[in-house]
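In what follows, a structure is listed as structure tokens, so that the remarks can point back to it.
Throughout, read-outs are computed from the coordinates displayed, never taken from laboratory work. Since the structure is predicted, the reported quantities are computational estimates derived from the model, not experimental observations. Heads up, the Cβs are rebuilt from the backbone with ideal geometry, glycines too, and the neighbour counts pull from every protein chain shown.
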Amino acid sequence: MTASPAAGHAGLIGVDIGGTKIAAGLVADGGRVSARLSCPTPRTGGRAIVARAADLVDQLLREAPDPVAAVGVGAPGVIDAATGVVSSCTDIVPGWLGTPVADLLSGRVGLPVAVDNDVRAAALAQARDPAVHGCRRVLHVSLGTGVGGALTCAGSVLRGDGGTAGEIAHLLVPEPGDLPCGCGRLDHLEAVAAGPAIAAAYDTRAGAGGTGADLVTVAARMRAGDPLAREVVARAGTLLGRTLSGLVTALDLDALVVAGGVTELGAPLLDPLTRALDAESRPPGRATPVLRPGTGDAPILGPALLAARRLAGELR
């Protein structure tokens, strides 16, 4: 990454709140993550989640060699960036709706706090990756416990008036079925391409009451030659590519950046995604690059960039 989120400031802390874990990092001038901490995400509500995030920030503050100026947070769901409140979300993170993340965390750590959607925050950093920097219109996709998306144009993240620009989790997949989504409806992209969804599809196809497999198990079986595991993963990639192909055409995208833990499945997921994307996109023969982030630090660096922008806004 070439981003310098802490330029002109003593230091920043970036926090990434996910459905499975919370990660935090101390970001020094020049965009280097100099210390990292993580913990499991509590399942007992928004205030408990923010309290655990605050614990990580407190520990980083104690370890920081220099003063820290502000904290940035990437959080799941639709975030009101002006207030730092979670305005919409699914049940992936129980008790998260309505959580005043910025006020709770700022009150605990005594620093300015900026909050935005986690994928949108990471996209701030990804857009500065040399592999992405020359692409004007980019869709950033995150595949993990859920599915997230963000749009950047010339390096700037598009929000929209409702704060949902780039959200892709609840696009309808181009295949009829009865796949339950966390929002309570059926056949959404998150019910196909998220980690738990892929594991559930394998479990269902395995029959006899399923095997209780999680994504780690499915990945291991796929690499060991299990044809069902490979088929389930390929189907997820194909449906993801077909679903996103319409956005590539409608938004005239230059590239997709695909990140998140599910992408560790590698070619068995990403090759079918790319084939389906190119087959369905228009005009025929159009090839859209599917890029991986050049570093895994975007979920920490992006929130740090948010924090730097918050400080710049206050200084103006």
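Return P(r) of the stretch 133-291 (all Cα-Cα pairs; 10 Å bins starting at 0; whole %; ordered from short to long distances).
Once binned at 10 Å, the Cα pair distances of the stretch 133-291 give 11, 40, 34, 12, 2, 0.
In the Gaussian network model of the chain, springs joining C-alpha atoms below 10 Å, which of Gly74, Gly162, Gly98 carries the largest mean-square fluctuation?
Fluctuation is largest for Gly162.
Take Thr295 and Ala220, extend 7 Å from each Cα along the Cα→Cβ direction, and tell me the distance between the two endpoints in nm.
Modelled inter-label distance: 3.3 nm.
Full extension from Ala250 to Arg62: what is 0.36 nm times the residue separation minus their Cα-Cα distance, to one decimal in nm?
62.8 nm is the gain from fully extending Ala250 to Arg62.
For the stretch 216-228, in order, what is each residue's ³J(HN,Hα) by Karplus, 6.51 cos²θ - 1.76 cosθ + 1.60 with θ = phi - 60°, in whole Hz (x at glycine and Pro)?
Listing the rounded values in order: 4, 5, 4, 4, 5, 5, 4, 5, 8, x, 5, x, 5 Hz.
Between Thr164 and residues 5 or more places away or on another chain, which pairs have amide H atoms under 5 Å apart, with H built 1.01 Å from N, and which residues are they?
Answer set, sorted by chain and number: none.
What is the calculated FRET efficiency for Arg47 to Thr164, with r their C-beta to C-beta distance and R₀ = 30 Å, to the nearest 0.05?
Here the calculated transfer efficiency is 0.75.
Just grab the label-to-label distance for Thr20 and Thr211, each label 7 Å out from Cα along the Cβ direction, in nm (one decimal).
1.8
What's the extension gain from Glu231 to Ala267 if we count 0.36 nm per residue and subtract their Cα-Cα distance?
That pair, Glu231 and Ala267, stretches by 11.7 nm at full extension.
Select from Cys135, Leu189, Ala201 the residue farthest towards the positive end of the dipole of the stretch 133-291; place +1 on Cβ of Lys and Arg, -1 on Cβ of Asp and Glu, and compute about the Cα centre.
Cys135
Give me the base-10 log of I(q)/I(0) for the stretch 38-127 at each q in 0.18 Å⁻¹, Debye formula, one uniform scatterer per Cα, rounded to two decimals.
Taken in order of the listed q values, log10 I(q)/I(0) reads -0.79.
Between Ser87 and Asp103, what is the label-point separation in nm under the 7 Å Cα-to-beta-carbon projection?
Placing both labels 7 Å beyond Cα along the Cβ direction yields 1.6 nm.
Using just the helices of the chain, give the 222 nm mean residue ellipticity in deg cm²/dmol: DSSP H runs with n ≥ 4 each add -39,500 (n - 2.57), and the total is spread over all residues, rounded to 500. Please list the in-between numbers first.
On the way: 10 runs with 122 residues, N = 316.
Helix-only estimate at 222 nm: -12000 deg cm²/dmol.
Quick one: Cα convex hull volume of the chain, Å³ per residue?
131
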